[in-house]
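The values are calculated or read from the model by the stated rules, or taken from the named source; none is laboratory data. Treat the numbers as computed from the prediction; the structure is a model and nothing was measured. Here Cβ is always computed from backbone atoms with ideal geometry, including for glycine, and neighbour counts include all displayed protein chains.
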Amino acid sequence: MSWTSLFATAVALTTTWEVESKNLNPTKVDLGGGLSMLLVRAVRTVSGNYRARMNLCCYDTCYWNFGVEAEYNSNGKYSDIFWPPRSVFPPCDSTIQKKIKKSSIDKKRLREIKRSYLTNLGLKRKDVKRVSQKVELVLREINGIIEPVVFADVIYENAHQAVRFVAQFAALTGELVFVHDKLLLEKVQESQESLDSDNSDSEDRDDRSDSNENIKGSETVCAIGSGGNPLTGYISYGSGTNDTCLPVAANRNKCSLYLDGVGQVRSGRGHPRGCLDSPPISFPCDVGLYDAVNEAPSVGLDAMRGIYLARDVLRELNIEVPASCQVDVCVNFGNHLQNSMWTGKSILVGDGREGRSYPFSTPDCMCHEFAHCLTDSWSGLLMNGQAGGINDAFSDAFSQVCKLNIGGPSWTVGETNFYDGSGSTPIRYFEDPTLDGYSIDNAANYTEDLDSHLSCGVYNKFFFCLSVDKGWDL
Ligand SMILES: [Zn+2]
């Protein structure tokens, strides 16, 4: 089995599908007795059929995390369905129907929960901007009884922090079911600049501006500039030796790290609210971009290259990039942040810290974060618990596949970022995940409080073993 087909298998195992539902019919399959399945998303397969994810629903309100897979033929007719035996379906009866009728999304309660969450993190609402919000009514079991609950997934951001708030509360009683509290992406490291206080309580719009109006319709050119760091080696983009073309938008002689349908790269430096109010990085096309920080000549170009590396993998596998993964990247995020992260909306990239790490715009970081976007779009796996471990392992595996196009997998993560006096110091290891002193390599050692970047060792090792196994050549 080739490397790419192995990876395609991994994609098929861990993902469901991009929204491509316009040709699909039916979008709802009635199962009788109030039960139905509603189409969530679908993607065309190599055979020309559609694989779809459908949610099991009761009186049109869907159960939390109860998806089944279906297959449609090219005429949009449902041809096969892969679902668990009916005996494991959750109940759907008139009691539940009555509860659904009585339920609504209690915005006041939602606001209260969001605020107390921010308060627990030492944040005030006026210190952060809301960049996205998804709220829906779902059904889930609480103490053996099916209850309607409000599910909320909200992202807040300022120049130094990004917070992804994920919570559920019972729709009828307001009782909190869970709040994910491990998604604070960076604690304030230095004094925080105060934000414009124009973000009153109006919770109806996303604050991230779309500043691409003036570069739409431009031509496309290869960006010129330097990239890389001492551990990746240096790269010459657009000219000279090791020529690498990064297509970007050009308007006369002004180049912007933006391309319609691909994404954009902004810089958080020099803007009071970081990337929240910065346009895509721009520079004179004929001069190129040289914007050195922490021994990296241009993190913006490297970030753009990371997007292209990730997209190349999908192109080679004949998989369409989900529309939601036209990514917004923010480089120079935070202060000496030694990390990169997917917020559910953007990829945030830290500059690293001199003497310890280089900027996190390296291929493995960018591909890892890009893969989180794919996972969000395809399967919607959560980012905590065992789901989080699988989620992060998929991102790690994807980053190794990205690196196939630039020299091959390293079977370590972060080896081009972290270093000490004796050289490169990876943070994760595929062959023996336990080498970092924290990760597990066996599901038997899983505990609920284990971070997903440590529990991912189980799947990372599995992926490594499968990839190097005899007959499963890379
Ligand atoms: Zn991750």
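Do we have any residue at all in segment 71-78 that's within 29 Å of Tyr50 (Cβ to Cβ), surrounded by 13 or more Cβ atoms within 10 Å (Cβ to Cβ) and touching a helix residue (DSSP H, G or I) at 6+ places or on another chain (Cβ under 6 Å)?
Yes - at least one qualifying residue is present in segment 71-78.
Does segment 354-361 contain any residue that is within 17 Å of Val293 (Cα to Cα), among the aromatic types (Phe, Trp, Tyr) and away from the ligand (no atom under 15 Å from the Cβ)?
The answer is yes; a qualifying residue exists.
Condition (residue is more than 16 Å from the ligand (Cβ to nearest atom) and closer than 18 Å to Asn339 by Cβ) applied to segment 442-463: is it met by at least one residue?
There is no residue in segment 442-463 that is more than 16 Å from the ligand (Cβ to nearest atom) and closer than 18 Å to Asn339 by Cβ.
If I ask for residues that are within 18 Å of Ala443 (Cα to Cα), assigned to a helix (DSSP H, G or I), out of contact with any strand residue (DSSP E or B) (no Cβ under 6 Å at 6 or more places or on another chain) and within 12 Å of the ligand (Cβ to nearest atom), which ones from segment 374-403 would you list?
Within segment 374-403, Gly388, Gly389, Ile390, Asn391, Asp392, Ala393, Phe394, Ala397 meet the criteria.
Does any residue of segment 404-426 turn out to be in contact with a Gly (Cβ under 8 Å, 6 or more places away or on another chain), outside any loop (DSSP other than H, G, I, E, B), farther than 16 Å from Leu231 by Cα and touching a residue at least 12 places away in the same chain (Cβ under 8 Å)?
no
Could you check, for segment 424-437, whether at least one of its residues is among the polar types (S, T, N, Q), within 16 Å of the ligand (Cβ to nearest atom), over 18 Å from the mean Cα position of the chain (by Cα) and at pLDDT below 95?
No; the residues of segment 424-437 include none that is among the polar types (S, T, N, Q), within 16 Å of the ligand (Cβ to nearest atom), over 18 Å from the mean Cα position of the chain (by Cα) and at pLDDT below 95.
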